[in-house]
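K.L.:
The structure is given below, and queries will be raised subsequently.
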Amino acid sequence: MAVEAKPIILKNFYMGQSPLAHLDSLTDKGNEGHYSDAKNIDIISNPGVLTQGPGLAKLTNGDQNGVVDELIRFIMQTAVADGQTYGIGSTKLFRITPTAVSNTTDWPHTITGATRGESVCYLKGALYYFWQTNIGKATNLSGTPSFDDDWGSTKDAALQDAPHPVAVKEDIMLFGNGRYVGRYFANSDDLDVDKLDFGDGNEVADVVFHANQWYIAVNAGVSGSNRSQGHIYLYDGAAVSSLLDDEANVGLQRIGFLFPLNGVIYVAYQDLSNGYKIGYLAGRRIKPLAYFTGDLPTFRQKTLYKETILFLSGQKIYSCGAVVDDLPIQLSYLATPSYSTVGALSAPFGTPMVASTDGTNYKLEKFSGYTTSAYWKSVVIPLIYGRYIGVIDEIVVLTKTLGDNARCDLQLEINQASETYPSTAKQITGSKRRHVFPINKGQVEDFRIKLDWSNGSTSNDCPIREIHIKYHFSEK
């Protein structure tokens, strides 16, 4: 008796990474739009369509041949003035526009005593910049700026040598200070660097303000250990009391960052036995959404782009979220910075920019055009039915109308990716929108589709709408 073989259609690429791709790059778990492995792919600019991810272009003066001769560790998420924001490196404060890093008499500013910049914020006309053990303050930003590099220790006391995440609300600034949370009231010029004390062995990982409350992420554990007890504390928006409002415990997991979006607090965190996760705060627990590989991102490595959260994990820029509410949450590998050691990720002018270094060279770059270092692999699709094995007859690829030099190459990885067919890839290119490829391989136990844009264009992408696989069964 013949076994019916219905065509396989890959589409709805907005689904992103398979739920188990972080554990198995040959996973067969997922739907028609999931991938098992990918690099630099864009499924959020035109949801449902799969294309190559963004390229990266260096900002003017944005490397060691300009003024960026150290890793920029933090960039503000908002503009302070029209086309103007600020970032901090190891020893310098930088002024940044949508296209350039300022190179003037005043900018960049070298911070006396600094060896590790932490964060920057703008409050009531002044810029506050946190470095390893102090807070600096810059005023008169629209004219000739005045810098007070040790403003914090003069005003109150030196800081702990620790990360210093910071958030602002109206006239209040709240910041992490090792085991403490510090607070500054701009209207009364009142600084208290240890307003809240979480005790020895604790470290504040992030601070955000949302819905008239401060959310404070704290990791508790042995100094230098990755195995931490993560806590998220709620604190009254007025920041007057020394008491906390509530607490959520995430267990033996280290928190990387918090991110408020559309009424929800998202959390990036690490479980040593099960990798890295991004989830959201649901009452007093964290509900995981997706898993990823790489490193745990920090408060310096998150931003908003196309209604999704972008974050850095090692040398990968991930997108997590849904572009519109009707679509499911996705996680996808969107872009790759130029160098392996990464610093800040931010989008103060709408277009993401990222800093990286190889130890000798430095870059601050932003999304621009398309990359050709991009590939996408579907989940593994089994073609075995009892004693019958599948034979693929043809593959039809539907694309958008392609521009000059737009191209994507297609191959099959068959039998647990032990073989690639054909040896010379099928080219998806030209003026047509329906690309038909006969296949003459014989019996295939399982396969996945591989798409590769390495021979494509950086100015005209090759967007894939659907992939149709026609096959029949043959008795072994």
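K.L.:
With the crude spin-label approximation of a point 7 Å out along Cα→Cβ, what separation in nm comes out for THR420 versus ARG387?
P.N.:
Taking the simple label geometry, THR420 and ARG387 are separated by 3.6 nm.
K.L.:
Okay, moving on. Averaged over all directions, how much area does the convex hull of the C-alpha atoms of region 21-172 cover when projected, in nm²? Let's see the in-between values first.
P.N.:
Working: hull surface 52.2 nm².
Mean projected area of the Cα convex hull: 13.0 nm².
K.L.:
While we're looking at this one, here's another question. Classify the chain as rounded, prolate or oblate, taking a ≥ b ≥ c as the square roots of the eigenvalues of its Cα gyration tensor: rounded when a/c is under 1.5, otherwise prolate if a/b is larger than b/c and oblate if not.
P.N.:
Working: a/c = 2.79, a/b = 1.83, b/c = 1.52.
Here the chain falls in the prolate category.
K.L.:
Something else: Answer with one residue from TRP107, SER153, HIS472: the one whose Cα lies farthest towards the positive end of the charge dipole of the chain, charges on Cβ with Lys, Arg +1 and Asp, Glu -1.
P.N.:
So the residue furthest toward the plus end is HIS472.
K.L.:
Out of residues 5 or more away from THR51 or on other chains, whose amide H comes under 5 Å of its own, with H placed 1.01 Å from N in the peptide plane?
P.N.:
ASP42, ILE464
K.L.:
Separate question: Would you work out the charge dipole size for region 54-368 about its Cα centre, treating the Cβ of every Lys and Arg as +1 and the Cβ of every Asp and Glu as -1, and quote it to the nearest 20 debye?
P.N.:
On the way: 24 positive and 32 negative charges, 166 e Å.
It works out to roughly 800 debye.
K.L.:
In nm, what is the difference between 0.36 nm times the number of residues separating SER373 and ASN65 and their Cα-Cα distance?
P.N.:
108.3 nm
K.L.:
If I model a spin label at LYS29 and ASP404 as a point 7 Å from the Cα along the Cα→Cβ vector, what separation in nanometres do I get?
P.N.:
4.8
K.L.:
Quick query: amide H of THR27 versus all other amide H atoms, modeled in the peptide plane; which residues come in under 5 Å with a sequence gap of 5 or more or a different chain?
P.N.:
VAL380
K.L.:
Between SER431 and LYS470, what is the label-to-label distance in nm when each label sits 7 Å out along the Cα-to-Cβ direction?
P.N.:
About 2.5 nm, to one decimal.
K.L.:
Right, another one. Counting Lys +1, Arg +1, Asp -1, Glu -1, what net charge surrounds PRO163 among other residues with beta carbon under 13 Å of its beta carbon?
P.N.:
Cβ neighbours under 13 Å give a net charge of +1.
K.L.:
Taking amide H positions as placed in the peptide plane 1.01 Å from N, state which residues far from ILE111 in sequence (5 or more) or on other chains have amide H under 5 Å from it.
P.N.:
So ILE111 has HN proximity to LYS92, LEU93.
K.L.:
Take the Cα of ASN455, step 7 Å along the line toward its Cβ, and report every residue of region 393-429 whose backbone nitrogen sits under 15 Å from that point.
P.N.:
The answer is 405-412, 421-429.
K.L.:
Along the charge dipole of the chain, Cβ charges K/R +1 and D/E -1, which of THR293, ALA239, GLY256 sits furthest on the positive end?
P.N.:
So the residue we want is THR293.
K.L.:
Moving to a separate point now. Per DSSP H run of n ≥ 4, the term is -39500 (n - 2.57); total these for the chain, divide by its residue number, and report the mean residue ellipticity at 222 nm rounded to 500 deg cm²/dmol.
P.N.:
Details: 1 runs with 5 residues, N = 476.
It lands at 0 deg cm²/dmol.
K.L.:
I've got another one for you. Could you tally the net charge around VAL379, taking each other residue with its Cβ under 14 Å from the Cβ of VAL379, Lys/Arg +1 and Asp/Glu -1?
P.N.:
My count for the surroundings of VAL379 gives -1.
K.L.:
Can you classify region 230-278 as rounded, prolate or oblate using the Cα gyration tensor, where a ≥ b ≥ c are the square roots of its eigenvalues, rounded means a/c under 1.5, and otherwise it's prolate if a/b beats b/c and oblate if not?
P.N.:
On the way: a/c = 3.45, a/b = 1.73, b/c = 2.00.
Oblate shape, in that a/c is at least 1.5 and b/c is the bigger or equal ratio.
K.L.:
Which whole-Hz ³J(HN,Hα) couplings does region 425-438 yield from phi under the Karplus relation 6.51 cos²θ - 1.76 cosθ + 1.60, θ = phi - 60°, glycine and proline marked x?
P.N.:
5, 6, 9, 9, 6, x, 7, 7, 10, 10, 10, 10, 10, x
K.L.:
Given a Förster distance of 51 angstrom, what is the FRET efficiency for THR139 paired with ASP325, based on the Cβ-Cβ distance and rounded to 0.05?
P.N.:
E(calc), rounded to 0.05, equals 0.75.
K.L.:
Still on this model: Is region 154-235 best put as rounded, prolate or oblate by its Cα gyration tensor, with a ≥ b ≥ c the root eigenvalues, rounded for a/c under 1.5, and otherwise prolate when a/b is larger than b/c, oblate when not?
P.N.:
Oblate, because a/c is 1.5 or more while a/b does not exceed b/c.
K.L.:
Per-residue counts of other Cβ atoms within 10 Å, averaged by peptide: what ranking do you get for 234-243, 463-472, highest first?
P.N.:
463-472, 234-243
K.L.:
For the chain, build the charge dipole from Cβ charges (+1 Lys, Arg; -1 Asp, Glu) around the Cα centre, then report which of ALA347, HIS210, THR133 sits farthest towards its positive end.
P.N.:
Result: ALA347, furthest along the dipole toward the positive end.
Where a number appears in this text, it was derived from the coordinates with a stated rule and is not lab data. Values in this document were obtained by computation on a predicted structure and should not be read as measured data. Note that each Cβ is placed from the backbone with ideal geometry, even for glycine, and that neighbours are counted across all protein chains shown.
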